[in-house]
C-alpha cells in the first residue's frame, strides 16, 4: 500500500482546515497490485466539488489517479 501514509497525512491536513469533513481511503485490486481510492465528504458552503477534487489530485499526483477520487457534498439537515 505504497503512499498510504502520505495520502492520509494530506487528507488529515485539509480536514483540520475545514475543506473536507470526513474521508475514506480504500484499496482494491488483484494479485498484490492494490490501487487506492479516496472518497471525501465536504461541507456545504466550502469550495466547489471540482476545486476540492483538483486540489487533492494535484497534491497526491503519482499516488492516486484523479478518476479514483470521489467528492460527496454534504447537505445541511433540516
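On a C-alpha basis, how far is the centre of the stretch 12-38 from the centre of the stretch 53-70 in Å? Whole number, if you could?
10
Round to the nearest 10 and give me the degree value, 0 to 90, for the angle of helix 4-16's Cα axis relative to the longest principal axis of the chain.
Approximately 10 degrees, to the nearest ten.
Note the full-extension length gain between residue 70 and residue 6 as 0.36 nm times their separation in residues minus their Cα-Cα distance, in nm to one decimal. Walk me through the numbers on the way to the answer.
On the way: separation 64, 0.36 × 64 = 23.04 nm, distance 1.77 nm.
The residue 70-residue 6 span can extend by a further 21.3 nm.
Taking the DSSP beta bridges in the chain as the whole, what percent of them are antiparallel, to the nearest 5? Could the numbers behind the result be given before it?
Working: 9 of 14 bridges.
In the chain, approximately 65 percent of DSSP beta bridges are antiparallel ones.
Just to be sure I understand: with springs between alpha-carbon atoms less than 10 Å apart, which residue in 11, 47, 19 has the highest mean-square fluctuation in the Gaussian network model of the chain?
Highest fluctuation of the listed residues: 47.
Using the Kirkwood radius over C-alpha pairs as Rh, can you work out the diffusion coefficient of the stretch 4-73 via Stokes-Einstein at 20 °C, viscosity 1.002 mPa s, in µm² per second? Walk me through the numbers before you get to the answer.
Details: Rh = 12.2 Å.
In µm²/s, the coefficient is 175.
Which residue fluctuates most in the GNM of the chain (Cα springs below 10 Å): 67, 22, 12?
67
Counting other beta carbons within 10 Å of each Cβ, put 68, 33 in order, fewest first.
Numbers: 68 15, 33 7.
Ascending Cβ contact count within 10 Å gives the list 33, 68.
Nearest 10 degrees, 0 to 90: what angle lies between the long axis of helix 49-59 and the longest principal axis of the chain (Cα atoms)?
It works out to around 40 degrees.
Laboratory data are not the source of any read-out in this text; all were calculated from the coordinates shown. Just so you know, these numbers come straight off a predicted model, no measurement behind them. FYI the Cβ positions are ideal-geometry reconstructions off the backbone, even for glycines, and counts take in every protein chain you see.
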